[in-house]
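The values are calculated or read from the model by the stated rules, or taken from the named source; none is laboratory data. This is a predicted model, so every value here is computed, not measured. A quick note on method: Cβ atoms are made from the backbone with ideal geometry, for glycine too, and the neighbour counts reach across all protein chains shown. Heavy atoms of the whole protein, side chains included, go into the accessibility calculation; ligands, DNA and RNA do not. Shrake-Rupley method; radii C 1.70, N 1.55, O 1.52, S 1.80 Å.
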Amino acid sequence: MPGTTNGSTSTKTMGVLTVGGLVAVTAYTVALGSNGWLWFIWVVLGLLTLGMVAARSS
């Protein structure tokens, strides 16, 4: 079904963005020091990704 494929692709894209975001925020923290806003945004992105995975599996 096309809808299922799009949902799966969307969830995979969010997963890739979340992992990429973690790498970027970690690199920023190591290079320039911690930034609370960047970590907050990454946590929100992670929660959105988890929500999409949970919605897809139900």
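Nearest 0.05, what FRET efficiency do V43 and T11 give at R0 = 22 Å with Cβ-Cβ as r? Numbers along the way, then the final one.
Values: r = 18 Å, r/R0 = 0.83.
Computed FRET efficiency for V43 and T11 comes out at 0.75.
What nm distance separates the two modelled labels at A54 and T26, each placed 7 Å from Cα along Cα→Cβ?
Here the modelled spin labels are 2.4 nm apart.
Rounded to the nearest 10 degrees, what's the angle between the helix 36-57 long axis and the longest principal axis of the chain, both from Cα atoms, 0 to 90?
Compared with the principal axis, the helix lies near 20 degrees.
For the chain, what is the accessible area per residue in Å², given a 1.4 Å probe and the full set of protein chains? Present the calculation step by step, with values, prior to reporting the outcome.
Details: 4240 Å² over 58 residues.
Solvent-accessible surface per residue comes out at 73 Å².
Grab the DSSP H runs of the chain that are 4 residues or longer, score each as -39,500 (n - 2.57), total them, divide by all residues and round the 222 nm result to the nearest 500 deg cm²/dmol.
Values: 2 runs with 53 residues, N = 58.
Computed mean residue ellipticity for the chain: -32500 deg cm²/dmol.
For the chain, give the percent of accessible area contributed by carbon and sulfur heavy atoms, probe 1.4 Å, rounded to a whole number. Provide the component values of the computation, followed by the final result.
On the way: 3250 of 4240 Å².
Within the chain, the accessible surface is 77 percent carbon and sulfur.
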